[in-house]
Structure formats: structure tokens, C-alpha cells
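Below is one structure, written out as C-alpha cells; comments come after it.
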Amino acid sequence: MAHRGLRFGIFLAPFHRVGDNPTLALGRDMELIQWLDHLGYDEAWIGEHHSAGWEIIASPEIFMGAAFERTRHIRLGSGVTSLPYHHPFLVAQRFVQLDHMSRGRAMLGCGPGALVSDAYMMGIKAEDQRRMMDESLGAIMQLLACEEPVTMKTDWFELKEARLHLAPYTYPRFDIAVASATTPSGVLTAGKHGVGLLSLGAGLPGGNAKLAEHWRMGEREAEKHGKTIPRDGWRLVVNMHCAEEDERAFREVKHGERRETLSYFSETLGRPPMRSEDPLGDGLKAGTTLVGSPDTIARGIERLLEYTEGGAGAVLFRAHEWANREDTLRSYELFARWVMPRF
Amino acid sequence: MPLQSREWCSENRSGIFGPSMNALRKAFTDAGQEVPDHMRMRLHTGKVEL
């Protein structure tokens, strides 16, 4: 057994510098998933974005379909499907199909849509996105339950006696998780529907301090709706880079991190709230970015789990290209060899 | 095309990303919570210093 229960994986937006050959960048993403599968990582979540040129996967389902055929063990989820961009019936149908084709290795991650520029192009108002996500997830949960036909009408989609023509391969259904970053909206939605949580806030400055509070908020919301949210379905997303020594790890990522922060998050997106100006420096101090030797990383994960006040099911690393390809692949290998067995 | 999409986002930051500030604030108030101070500052200025 590679490790003792805590699962590890990545959250692959992905992030690729504009100007890089996108065909090769997509190829590196696939190579990374295959490498993680070989190393014994448990899961990878693949993003959906449509603008700004950095996060270049538009359809996690297409990527997952190809990756399932090239891997043997790793579970793959959408990280995340931006629910307001799709009719919920089609989301449910597509993931049921992926669940069958992967023999139970598919997972559905849900979110309101991270890039407002995507929503803008489709004429979706930013202030409506979270409500739409909640409405869509409610419909998806009813459809996946495969009980009564679902009839439902909102101001943006309608279901008329809708039922899936296949039940999920996984009984009663595949894993579903909601993304939570800067606001309480994600954790409340996860609680309301009794599904897992992807805590992206764990990698943001100050995010760790709120982890336990957020989880309790989700538990209270679940109770209100007669649901439960299992800690096993809670995933913490942080930045990580591992090398033999602390100094070497820091040296390998320093330049790439600055380029990503300045070129993408500041100059392109205007640095979203909660996003630090210096995620490497601030994150290292706060323990939200783990860069260093295997021992340093292991201590960081222990601290991260302490913040949860009861544990979580998985730790996911936000996939980045802060270091070059070779050092990035080696980072994941060092982690799998020297850190993973401790957890 | 990736470069053009990036430039479009960058050059129209306030128009495109500005509404997300209100959406974030709404997510807190909908949950019955105060908007955190550090977010309130950014929400008010809406200005990015590079």
C-alpha cells in the first residue's frame, strides 16, 4: 500500500504561460496525469475555463475521457464543471457515461465558474452564478437519484419529466464535490446537497485559519437539510513543490511563481480578492504553500490537517508550472517516495 | 488567440471583473455574514496596482 489512508492528488486548472505552444502544454498535462498514476497518486481534478489564455482546458470531460484510457488506477474529476454554463441534464448524462467508461473512476466537481470573463461572454451575470450553481446541482442530484422523473423550472433551464437513461456505474452514485474558495457559498451548497468539498481556500493566505470554521458551517447546513457531509469527501487544495533540500526547492520555483502571479493573476485578472501579491512568501509563512524538502512538506501537511480539527479525506496540490518540466515531475516523485508513505 | 483573449481580459479588467466584486459581497451577505475587511477594501477601490 502506497500510504495509510489520506489520499493525494492534484487540482489541474491547468496554468500555462501565454505564448507556450498549447498543443504541447495539453500534452504535458496528460503526461503529468500518467506520471501521477504510475506514482500511486489517488486522484486528479481537471478544470474548465474559456478565456484569458492560461487555463486552457475547455472541457474536463474530453480530457478525462482520453486520460482514463491512458491510466489504470487514478480517479479523475472535473475541477470543476462550471454548472451555470451547462444544462444540468447534460452534465448528469455526461458524467454517468464517464462513470461507466472508466468503471467507476469518474468524479464530478461543481462550481459557479471561476473566471467572470467566461460568464461575461455567455451573458451570465456574476451575481447570478452562485444561485445558478445551486439550482443546477439540485437538479443533478435528483436526476442521479434515479427515482421519480424530474420536473423543474428555473429562469435559465427547464426539466420536463426528465430521467437519465442509464443509472451511474457507481452505486449509488459517483463522488460529487463543490469548490469553495473565498466565500461561504461553496461550503453551504455542499452541506445543502450532502456532497464533498474542494477547499481551494486552503491555499490562499489566511484560508487555513478558516478551514474548521467553514467545515462546521457546512455540517450545520447539511443538518438543516437532513443531510450529512463526510470528512472523507473533504479535499484541501494547496501549492506544493518538493526538492531534496529547502533551498533548492525554493530556487526552482521562485522565478516561475513570480511570472504566474504578475502576468496572470495581477496583469490579466486584476488579482482577485484573497489572492496574495506574494503567494510564495506569504504562503510559506502561513503554511498554505508547501515548498521544500520532503521533511518540510510532511510537516506542512501535518499542520494543514491540524487546522481542520478532525482531518480531511485528501490533500490536492494545485498543479502549476512554477518550476521547469523536469523539476516538476521530480517533485511529484519525491513526494510519492518520501512523504506519501507517512500519511 | 490565447494572447488576444488574455489582452481582452487585461484591457477590460474593470468592466469584466468588476461585477464579480459585487457578487462576492453578495455571497457573504446571502450567507448572513459580514464582508471581511480586506475584501471590502478591494471591493471599494476596484483598482489593481501592478
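The values are calculated or read from the model by the stated rules, or taken from the named source; none is laboratory data. Predicted model only: the values in this text are computed from it and were never measured. Because the Cβ atoms are built from the backbone with ideal geometry, glycine has one as well, and the counts that use them run over all protein chains shown.
Of the residues in the stretch A:311-331, at least one is acidic (D, E), surrounded by 15 or more Cβ atoms within 10 Å (Cβ to Cβ) and within 25 Å of A:L39 (Cα to Cα).
When A:E244, A:E213, A:E219 are screened for being assigned to a loop (DSSP other than H, G, I, E, B) and surrounded by fewer than 19 Cβ atoms within 10 Å (Cβ to Cβ), only A:E244 passes. Taking the stretch B:1-33 as the range and being of a type in the set (G, A, S) and at the interface with chain A (Cβ under 8 Å from one of its Cβ atoms) as the test, the residues that pass are B:S5, B:S10, B:S14, B:S20, B:A23, B:A27, B:A31.
With respect to (1) more than 28 Å from A:G311 (Cα to Cα); (2) of a type in the set (D, E); (3) more than 14 Å from chain B (Cβ to nearest Cβ), the lone exception for A:D20 is condition (3). Annotation: of all residues in the stretch A:322-343 being outside any helix (DSSP H, G or I) and in contact with a helix residue (DSSP H, G or I) (Cβ under 6 Å, 6 or more places away or on another chain), the one that is farthest from A:E260 (Cα to Cα) is A:A323. Within the stretch A:286-294, can one find any residue that is among the hydroxyl-bearing types (S, T, Y) and surrounded by fewer than 19 Cβ atoms within 10 Å (Cβ to Cβ)? Checked the stretch A:286-294: no residue is among the hydroxyl-bearing types (S, T, Y) and surrounded by fewer than 19 Cβ atoms within 10 Å (Cβ to Cβ). Tell me, which residue of the stretch B:34-50 that is within 15 Å of A:V116 (Cβ to Cβ) and within 7 Å of chain A (Cβ to nearest Cβ) is modelled with the lowest pLDDT? The qualifying residue modelled with the lowest pLDDT is B:V48.
I'd like to check something: does the stretch A:156-165 contain any residue that is part of a loop (DSSP other than H, G, I, E, B), surrounded by fewer than 24 Cβ atoms within 10 Å (Cβ to Cβ), more than 14 Å from chain B (Cβ to nearest Cβ) and at pLDDT below 95? Yes, some residue in the stretch A:156-165 is part of a loop (DSSP other than H, G, I, E, B), surrounded by fewer than 24 Cβ atoms within 10 Å (Cβ to Cβ), more than 14 Å from chain B (Cβ to nearest Cβ) and at pLDDT below 95. Among the residues of the stretch A:30-43, count how many are without any contact (Cβ under 8 Å) to a residue 60 or more places away in the chain and either under 17 Å from A:M240 (Cα atoms) or within 14 Å of another protein chain (Cβ to nearest Cβ) (or both). The number of residues fulfilling the criteria is 1. Within the stretch A:75-92, being in a loop (DSSP other than H, G, I, E, B) and buried (at least 23 other Cβ atoms within 10 Å of the Cβ) holds for A:G79, A:V80. Taking the criterion of being charged (D, E, K, R) and more than 14 Å from chain B (Cβ to nearest Cβ), the residues of the stretch A:166-210 that qualify are A:R173, A:D175.
All of (1) surrounded by fewer than 20 Cβ atoms within 10 Å (Cβ to Cβ); (2) at pLDDT below 85 hold for A:R337 with one exception: (2).
Restricting attention to the stretch A:99-134, the residues that are touching a helix residue (DSSP H, G or I) at 6+ places or on another chain (Cβ under 8 Å) and in a helix (DSSP H, G or I) total 14.
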